[in-house]
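Undergrad: Next up is a structure, given as structure tokens.
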Amino acid sequence: MPANNEEVGGCRRALEAKRLELIGRQHNAESIIIERVADAADESVLANQRDLAVDTLNREAAVLRLVTEALERIATGEYGFCMECGEPISAKRLAALPWAALCLKCQEVADRLDRTSGPRPKSWFQDAA
Ligand SMILES: [Zn+2]
């Protein structure tokens, strides 16, 4: 079942709340990084913390982009349809993941492609040798 208007409205509110939360966290995280840079005496600890903070920032920036794109799709009436195959995304999936751009089937394919093109565990090479 595709999402109805009421469900899309609920998703829009969830997306707007998430967007504000993420923007707020980005500002916070930036000031935390600056603070730690000023305080840390140990270079390696500092680098570690900075990497972690940058990691989190990057991940949240990626979600923020998805959330913003989902809000744009609501505005253009494309929301709730898979960007890959054009089939409606189930209301249940949208309720769990309001910024989902792909239906479950296409997401599974994308995840699989992601895994095979990503870095491979060492054991694969050992098995082949
Ligand atoms: Zn699809």
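Here, each number is a calculation from the coordinates, and none is a lab measurement. No experiment lies behind these values; they were computed from the predicted model shown. Virtual Cβ from ideal backbone geometry, glycine too; neighbours counted across all protein chains shown.
Undergrad: Please compute the length gained on full extension between Glu78 and Glu60, using 0.36 nm multiplied by the number of residues separating them and subtracting their Cα-Cα distance.
TA: Full extension of this stretch gives 4.1 nm more.
Undergrad: Another question, then. For Thr68 paired with Ala17, estimate the spin-label separation in nm (one decimal), with each label point 7 Å from Cα along the Cα-to-Cβ line.
TA: With each label placed 7 Å out from Cα toward Cβ, I get 2.2 nm.
Undergrad: Further question on the same structure: Taking the highest mean first, how do the peptides 83-92, 46-55 order by number of other beta carbon atoms within 10 angstrom per residue?
TA: My ranking of the peptides, most packed first, is 83-92, 46-55.
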